[in-house]
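I have placed the structure first, in the form of structure tokens, so that the comments after it can refer back to it.
Read-outs: derived from the displayed coordinates by stated rules, not from any lab. Bear in mind that the values here come from a model prediction, so they are computed numbers and not experimental data. Glycine also receives a Cβ, built like all others from the backbone with ideal geometry; neighbour counts cover every protein chain displayed.
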Amino acid sequence: MDNDTTAELRRLARGRDLCFFESKANHSQWQKRALFFYHCPKTGGMTIVHALQHALSCLTAVQSQDLFLGRLDSLDPPPGTRVALPSAFVATHLPFGTHRKIAQDFDLMTVVRDPVARLTSGYTYGCMRRGERPDPAGFRDFFTARQNLDEMVRQLSGDDAAAGEASLEKAVENLRRHFVLYVTTRQIPDLIGAFLSRFRAPNVLMANANRTLPEFRIDAAPFEAEIRRLNPLDEALYGFVRDNPKLDGIEQEDDAVSPMTLFVDEVERRAATLARAYHHKTALLPALLRSPPEALRQTTWA
């Protein structure tokens, strides 16, 4: 696909409130190790999970080896639940160190978010799930609760109870020493594109996943100073990653993208996050994006 067609595809996707994550077809090779995603809550992580889980599931190597793709949020899963081994992609809300409990090598990655935006999203998302209208008193109860304070540092340091500067230093050291990638939410498209390209997976077309519906939003501006005061460790961690992101790029030989694309459609958002994927030839996407929405829900690549 030429550059003009790709640019038009991006423009059409934006017009439909969709993101086009590009898998570059020609690039230098990276070692293809399994990915372990430390998913800090409400940092856009479900977009990453949906995109990579569906795209990697198309790969012959993943299919033939029956590799695990998905979430691991308990180290004591119910009987009969598959444990994440062997794996191609694992995401977790559990604290740093969880990856060591799975007997294989991983490349670690994470995403952090401005604390005010993250806590606001966490509160309104919970309201949506419960079917409750957000209100200022409920918001303050949420962002002052101990379990919601400095949550990113607690997860990435591995400390259940953040112990001031020591926990912040541990989180930063973990990122520097053990993670192949750490970025802010602004660089999520670059993150997804890098890993799609790395594994020579299909492109992905999708809306940002797990978003709170508009009717459940709240104005956080009156609470911003208080939230920042209560989360000094997360504020500092976000500043570190914003100013020192780690996103190893791929040296591309040209701008060609994969001839195959997955349209990942989130079919349920209010009560849960459920998605389905439809396979398309990338060359057909411009015409499909000019058509009614149902056109994208018909597979054109088998």
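Here are a few things to note about the model shown:
- Taking every Cα-Cα distance in the stretch 163-302 and sorting them into 10 Å bins from zero, the calculated P(r) comes out as 9, 25, 29, 24, 11, 1 percent.
- Seen from all directions on average, the chain presents a Cα convex hull projection of 16.6 nm².
- For the pair residue 58 and residue 133, a Förster radius of 41 Å applied to the C-beta separation gives a FRET efficiency near 0.50, rounded to the nearest 0.05.
- The chain: antiparallel DSSP beta bridges as a percent of all, rounded to 5: 40 percent
- Residue (of 138, 299, 39) at the positive-pole extreme of the chain, dipole from beta-carbon charges: 299
- Full-stretch length increase - residue 165, residue 224 - with 0.36 nm per residue and alpha-carbon distance subtracted: 19.0 nm
- If you run the Gaussian network model on the chain, springs between alpha carbon atoms under 10 Å, then out of 60, 184, 261 the most flexible one is 60.
- Over the stretch 38-192, the reciprocal of the mean inverse Cα-Cα separation, the Kirkwood hydrodynamic radius, stands at 17.0 Å.
- Dipole of the chain, positive end: most advanced residue of 97, 168, 279 [Cβ charges, Cα centre]: 279
- For 101, 170, 24, order by how many other beta-carbon atoms lie within 10 Å, fewest first: 101, 170, 24
- Calculated [θ] (222 nm, deg cm²/dmol) that DSSP helices of n ≥ 4 give over the chain, each run adding -39,500 (n - 2.57): -11000 deg cm²/dmol
- In this calculation the C-beta distance from residue 176 to residue 73 is compared with R0 = 22 Å, giving a FRET efficiency of 0.30.
- Lys, Arg +1 and Asp, Glu -1 on Cβ, resulting dipole of the chain about Cα centre, debye, nearest 20: 540 debye
- Sorted by Cβ density within 10 Å, fewest first, the residues 92, 43, 144: 144, 92, 43
- Estimated inter-spin distance, residue 33 and residue 283, nm [label 7 Å along Cα→Cβ]: 3.8 nm
- Between 0 and 90 degrees, the angle of helix 115-130 with respect to the longest Cα principal axis of the chain falls at about 80 degrees.
- Length gained when the stretch residue 200-residue 291 is fully extended (0.36 nm per residue, less Cα-Cα span): 29.9 nm
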